[in-house]
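Contents: one structure, followed by commentary.
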Amino acid sequence: VTGEFSLKDAAPGTKLTFKCKDGSRAASKAKPSAKVGIEFKHDLFSATADVDVLKGPAISVTALTSFRDIFLGASLVTNASTFELSTYDLLAAYRAGGSTFGLFSEQKLGAVTAFVHHKHDKLTVTGRAGLETGLAKDKDALAVTPVQFGAQYMVAPDTKVSGAVEMSGMVRVAYDATICPAAKLTVSAAINPLELHRDGQVGTKLVVAQ
């Protein structure tokens, strides 16, 4: 059982929320939670804060600001009793025309990812590469996370074709289409040309709105 209550404009540009979840039933794997939050939005700045009353309590804060074509963001989770940071993430991005370039770190700088996103008309191209620094696990070794390039083309307003190539050689393609307002179909496939002796993966998914 879940419940949510919100109050907009309690103060200019703010929204107060209260969310609760009952996970006491034996058949449910969800854990009980109770969160009180606040959202603030401005033309150049937005922020959210949630307090999980049942966990610590734990405080989660997310903030994003922009100046012209520069974006800076951060999120953190801390314990209200000890004010010890559980984790934090950082974001820095720059937009030029239809392209966005950025850096994103997570897990207390334990992983850093560089990304690029370019959109031109119906075509969107993305790329990313990263490093696992080991800082979050107190390790000195660096590890390269999989490099990935992808593309998406809107064939029609309700139909798109997408694909991605990973550093390992894995190639993934997908076709998404809205059959009717209440049904969406996805056909996907994945194969590694460097390992043709292994079977590829082909799948279909039909989602029907109720």
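When Thr159 is tested against (1) open to solvent by 60 Å² or more (accessible area, probe 1.4 Å); (2) farther than 18 Å from Thr126 by Cα; (3) β-branched (Val, Ile, Thr), just one condition goes unmet, and that condition is (1). Evaluate segment 105-118: report whether one residue or more is loosely packed, with under 14 Cβ neighbours inside 10 Å, assigned to a strand (DSSP E or B) and touching a residue at least 12 places away in the same chain (Cβ under 8 Å). So far as segment 105-118 goes, no, none of its residues is loosely packed, with under 14 Cβ neighbours inside 10 Å, assigned to a strand (DSSP E or B) and touching a residue at least 12 places away in the same chain (Cβ under 8 Å). Just one residue in the set Ser75, Ser86 is under 22 Å from Asp52 (Cβ atoms), in contact with an Asp or Glu (Cβ under 6 Å, 6 or more places away or on another chain) and assigned to a strand (DSSP E or B); that residue is Ser75. Return the residues of segment 60-75 that are open to solvent by 50 Å² or more (accessible area, probe 1.4 Å) and over 17 Å from Phe104 (Cα atoms); say none if nothing qualifies. Scanning segment 60-75 gives Phe67, Arg68. Among the residues examined, Thr124 qualifies as open to solvent by less than 40 Å² (accessible area, probe 1.4 Å), out of contact with any Ser or Thr (no Cβ under 6 Å at 6 or more places or on another chain) and of a type in the set (S, T, N, Q). For beta carbons closer than 7 Å, sequence separation of 6+ or different chains, a first residue in segment 56-74 that is under 16 Å from Phe40 (Cα atoms) and a second that is of a type in the set (Asp, Glu), the qualifying pairs are Ser60/Asp50; Ala74/Asp89. Please find, within segment 168-206, the residue that is modelled with the highest pLDDT out of those that are of a type in the set (S, T, N, Q), open to solvent by 60 Å² or more (accessible area, probe 1.4 Å) and within 24 Å of the chain's Cα centre (by Cα). Ranking the candidates gives Thr204 first. Scan segment 154-164 and give yes if some residue there is assigned to a strand (DSSP E or B) and modelled with pLDDT under 90, otherwise no. No, the conditions are met nowhere in segment 154-164. Whenever a residue of segment 79-90 is within 14 Å of Ser60 (Cβ to Cβ), its partners that are in a strand (DSSP E or B) and not aliphatic (A, V, I, L, M), lying with C-beta atoms within less than 6 angstrom and at least six residues away or across chains, give the pairs Leu85/Thr78; Asp89/Ser75; Asp89/Glu106. Considered as a group, the residues in segment 43-64 that are closer than 15 Å to Asp89 by Cβ and polar (S, T, N, Q) include one that is modelled with the highest pLDDT, and that residue is Thr62. Scanning segment 94-120 for residues that are under 18 Å from the mean Cα position of the chain (by Cα) and among the polar types (S, T, N, Q) gives Thr100, Ser105, Gln107, Thr113. When the test is whether a residue is at pLDDT 90 or above and either of a type in the set (Val, Ile, Thr) or under 19 Å from Ala92 (Cα atoms) (or both), Thr78 does not pass it.
The values are calculated or read from the model by the stated rules, or taken from the named source; none is laboratory data. For clarity, every value in this text was computed on a predicted model and none was experimentally measured. When we count neighbours, we look across all protein chains shown, and the Cβ atoms used for this are built from the backbone with ideal geometry, even at glycine. Ligands, DNA and RNA are excluded from the accessible area calculation, which covers all protein heavy atoms including side chains. Shrake-Rupley method; radii C 1.70, N 1.55, O 1.52, S 1.80 Å.
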